[in-house]
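To start, the structure under review is shown below, and the notes come after it.
The values are calculated or read from the model by the stated rules, or taken from the named source; none is laboratory data. Small disclaimer: the values here were computed from a predicted structure and weren't measured. Neighbour counts run over all protein chains shown; Cβ positions are idealised from the backbone, glycine included. Remember, those area values only see protein heavy atoms, side chains included, never the ligands or the DNA or RNA. Shrake-Rupley method; radii C 1.70, N 1.55, O 1.52, S 1.80 Å.
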Amino acid sequence: MENKNYGMPACDFLCADEEIVKKVTENLPEDEILYDLAELYKVFGDCTRIKILYSLFESELCVCDIAKLLNLSISAASHQLRTLNRARLVKYRRDGKNVIYSLADDHVRTIIAQGINHIEE
């Protein structure tokens, strides 16, 4: 039988296991939670943002430091930091006239580390 699932294996006939489908359905998070999770992972879909997060593993940094480190304009660095802040992946504090960025919490470090572990396997 020709598979019309883009080369992915599929059942040869419809045979849904109602018990399994019910169990999985009951354990699925609400659509709003899944939407928010998908939006979070979209933020990780940009190499510049990943570099910023990885840089913040090492030290708190101001926008100017991040721009210089990644060879970005201050405007571009600020834009990426704003996106990361809205996703609650980074936080900031004021130090006089400077704004200092850091990772929001240890979850961010864990997400990045597990992603690296996954691709290195």
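A few comments on the model shown:
- Every pair of residues 6+ apart whose Cβ atoms lie under 6 Å, when the first sits in region 31-56 and is at negative phi while the second is open to solvent by 70 Å² or more (accessible area, probe 1.4 Å): S55/L69
- Scanning region 64-81 for residues that are open to solvent by 30 Å² or more (accessible area, probe 1.4 Å) and among the β-branched types (V, I, T) yields a single hit, I74.
- All positions within region 82-95 that are open to solvent by less than 70 Å² (accessible area, probe 1.4 Å) and either modelled with pLDDT under 95 or within 18 Å of E58 (Cβ to Cβ) (or both): L84, L89, V90
- Hits in region 83-109 (condition: within 19 Å of Y41 (Cα to Cα) and either in a helix (DSSP H, G or I) or of a type in the set (K, R) (or both)): T83, L84, N85, R86, R88, K91, D106, H107, V108, R109
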